[in-house]
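Single-structure report; data block below.
Just so it is clear, none of the values below were taken in a lab; they were calculated from the coordinates. Keep in mind it's a predicted model, so treat the numbers as computed, not measured. A quick note on method: Cβ atoms are made from the backbone with ideal geometry, for glycine too, and the neighbour counts reach across all protein chains shown.
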Amino acid sequence: MKRKTDTMPGEPAKRPKREAARKAQGDDEAALPKKRFYRQRAHANPFSDHSLTYPKSPADMDWASLYPAYSLKKSEEVVNDAGGMEVCGSHDETPSDKIRKSTRATTKNVEIADIGCGFGGLLFALAPQFPDTLILGMEIRMSVTEYVHDKIRALRVQNAASDTGTYQNIAVLRANTMKFLPNFFTKHQLHSIFLCFPDPHFKQRKHKARIVSYTLNSEYAYVLRPGGIVYTITDVKDLHEWMVGHFEKHPSFERVGEEEYDGEGDGEIRQRVRIMRTETEEGKKVERNNGDKFVALFRRTEDPPWPTEG
Amino acid sequence: MNQEQRNSAAQLRMAFPYKCLAACTRLAADGEDWALFGASGSTLVVQSSRGTQSTWSTEQNVENKPDHGDESVEGPSGKRIKLSHPTHQKNNFSSIKISNDGKYLIAITAEDKSIRVFQLSSDWQLRQLSERCMTRRPCSITLSDDNSTIFCADKFGDVYALPLLPSPEDERNANPHPEDGPKKYAPSASLSTVHSGRNRKVLEEQLKQAAKGRPQPKDAPTFKHDLLLGHVSMLTDVVTATVGSRSYLITADRDEHIRVSRSVPQAHIIEGFCHGHEEFVHRLCMSNSNRLISGGGDTHLYVWDWLSHTLLEKIPLQSAVLNLYRNQSGLNSLVPEREEDFRIAVSGIWNVPSRTDETDEILVACEGVPALFKIKPETPSEEAQTLVLNGNALDVTFVTVAGANTAIVSIDHVHEPGHTTKTRENQEPSRLQLFTTAQNGEWFEDDRLKSTLEWFSQDTVGGQDTGESARVAFGKEVQGVIYGVENLRKRAEIDAAVSV
Ligand SMILES: C[S@@+](CC[C@H](N)C(=O)[O-])C[C@H]1O[C@@H](n2cnc3c(N)ncnc32)[C@H](O)[C@@H]1O
């Protein structure tokens, strides 16, 4: 079988220049990264093994290095680094494991996940609006993840003394969420999941690669608490209908009525939908091309009693 | 294979080892009656305690297949033995299960992705009732407690429920495409969508298609099969479990996951994950006391309180295999030079049935290892007993004879013990070994059933002198059918290195 790599053919040739440019930029922590140094081919195969790092379980996750300002115990070991790529602890369990785990814990848990966050537009817009909520961007493409990581670092440095938002509540990590979502989050941990402009995978043969499916929705339901919401937006009508079809068919979700999220009124749901419509990179592209945007929200319902106990 | 090799393979008349075994006991008016079933390549072999001997082959039962008449030869006991043929695909059995009521046998064949259901007659003959061809290769099947439903886990990560015996109504209401969204076909791309040139091409094609109606995938099954749950990974095993009135489905995958879901009709609800494996999971086994034992590419076997998703114990297995190789003369050469590179892959975990139900005893096999390891969870101090075998362990099933458990073990009689590629010079004549527990709980080799099972266990013309090339070719073919667990291990990919 031919193995697909993450990179475009011909990309390695550009690499040295790119790396040098990024290095120069990296020396200045406060400098915003430039996208052109982080471009990557549009699709990564969600079925391949890649060389991903992921924690064995949510308990093994090093959240403190992603959100150092929220670190439970500020220890020497915890490097003051934004959204570090080294996400999981060592695989061998040692007696000092407990101590290490506590240095990896944060005072709060992540409650909002932006799945397939791309260049992170949504994260940067949500951060100051929900300053008390930990928000995580998850992205499978390495370079794109690095861009978001570098941008968070720069924004944290720039806004260290800001009172409108210090960007300490957002982080990014590289993950294939289609395989490993339950390795990061415990049951019912999240209250919101964003699926913004997912890759449409037009061909029928590729539908299995779509980030929404009846079977994957069970995993979203697992990490979402009852009452929590999945926010979806796309410019592709067929994908919109696909997502609606697959969520409506899933007994753990019910569609949220437009009256709850549309318009200029108050409320966190409306606020989040407004940000989702305008702030993601894809959303902006669609805007420029006068494309349609299809929005659909789904609420996670309570699990029913067991069949024999109802 | 060239003509000459084929001829010598024909002379060879060798039988495949039993990749899987199953046994069933019925209480007849005049005492116990049990039968043993084995899958030997593309053939199912049946032997009962009262003398039934029969076979069923996927090749003999293929209709409209020209040129298969000379494909099998008659063995001494009237058994038909399939020969390898390079030009058409053989359908080899990869798993067999018997329904809890002893009335049906369910078998999966890998190459044609089929689930076959057989009725077992009063004298244990197999009569095929159905053959259902799935879209993806089934990896593991199990049955609901009431025997009404087959749960089939496949290579693409999905679990489907199929009625064991489809009713005419099921057939009419068959849902050919549960995984698809909107039924009306419309092109998924539109001119306003912002996408690449490649996508524009797809759109053009789709617009052309739209005129013709929705493109139907060629092999969409037309029988009832309901999608229950799915992992984005290759599924390796599925088991059911019951606590009080609650039933569960537990699934394992190549990405280290063990998932606990509710069973039908709520199989969309995930109750939790048993996190902890660091390599692929290959086998799940429920113990007598309702613990879950899991194993795969890790050095240890894991014991779980699966209801609370907590790991109770890790039982060292790699070291047990190494100890065996070190201490057993004849196996010394298998001790690796660098022990840290030594890998094991659990190929089977079997719960030893018990009357008292509360004591757990487990037998474990690793791929290409000529032994079974007896494990008693919760008694770590006890030295694990190793049952050394004459060939690599393949499958185990149990029958109760005169109140004692007998373990029937199938072994690889084609390859050298400890090897999955090297064929033997002199074939081991028997494809089975039999063990019984003694008073002290130790297993010992017990040949009381040997004569009853002789026809079943012997390789038809084992030992006949044949050419080296035929032997090697046959060994390769067998290897492809009975081995492959180690291939589930992830290889370090280089994409990280290139894409940073
Ligand atoms: C079209 S982009 C949209 C990006 C962003 N949400 C926006 O609206 O601008 C879809 C993103 O999902 C990412 N993605 C696809 N499959 C993924 C997976 N299995 N896990 C994580 N990210 C994935 C892709 O790499 C890509 O960056």
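Return A:T164, A:T106, B:T43 ranked ascending by Cβ neighbour count within 10 Å, so the fewest neighbours appear first. Don't skip to the answer; put the middle values down first.
Numbers: A:T164 7, A:T106 19, B:T43 23.
So the residues, fewest neighbours to most, are A:T164, A:T106, B:T43.
Over the stretch A:192-244, how many percent of alpha carbon pairs lie in each 5 Å bin up to the one with the longest distance?
For the stretch A:192-244, the binned pair fractions read 4, 19, 30, 26, 13, 6, 1 percent.
Mind jotting down the three principal axis lengths of the stretch B:239-293 based on Cα atoms? Whole angstrom, largest first.
33, 27, 14
What is the ratio of the Cα radius of gyration of the stretch A:227-271 to 2.2 N^0.38 Å, where N is its residue count, to two decimals?
This ratio for the stretch A:227-271 stands at 1.25.
Give me the Å³ per residue figure for the convex hull around the C-alpha atoms of the stretch A:185-310.
Working: hull volume 15.6 nm³, N = 126.
Enclosed volume per residue, from the Cα hull, is 124 Å³.
Along its principal axes, what span do the Cα atoms of the stretch A:104-163 show, with the longest given first and each in whole Å?
The Cα atoms of the stretch A:104-163 stretch 31, 25, 24 Å along the principal axes, largest first.
Calculate I(q)/I(0) for the stretch B:263-339 by the Debye formula, one identical point scatterer on each C-alpha and no solvent, and give its log10 at q = 0.11, 0.16, 0.22, 0.24 Å⁻¹ to two decimals.
-0.41, -0.71, -1.03, -1.12
Taking the Cα-to-Cβ direction at A:A31 and at A:A69 and moving 7 Å from each Cα, how far apart do the two end points lie in nm?
It is 2.4 nm.
If the convex hull of the alpha-carbon atoms of the stretch A:130-180 is projected onto planes in all directions, what is the mean projected area in square nanometres?
Details: hull surface 15.0 nm².
That works out to 3.8 nm².
Find the lysine pairs in the stretch A:206-298 meeting two conditions, Cα atoms under 21 Å apart and a separation of 8 or more places or different chains, and report how many there are.
Count of close lysine pairs: 10.
Could you tell me the convex hull volume per residue, in Å³, taken over the Cα atoms of the stretch B:217-309?
Dividing the Cα hull volume of the stretch B:217-309 by its residues yields 115 Å³.
Using the Kirkwood radius over Cα pairs, work out the Stokes-Einstein diffusion coefficient for the stretch A:100-219 at 10 °C and 1.306 mPa s, in µm²/s as a whole number.
D, rounded to a whole number, is 103 µm²/s.
Over the Cα atoms of the stretch B:363-415, what is the Rg over Rh ratio if Rh follows Kirkwood?
Using only Cα positions, Rg/Rh for the stretch B:363-415 is 1.02.
For the pair B:F342 and B:L165, what calculated FRET efficiency results from E = 1/(1 + (r/R0)^6), where r is the Cβ-Cβ distance and R0 = 60 Å, to the nearest 0.05?
That gives a FRET efficiency of 0.80.
What nm distance separates the two modelled labels at A:K293 and B:L27, each placed 7 Å from Cα along Cα→Cβ?
The modelled label-to-label distance comes out at 7.0 nm.
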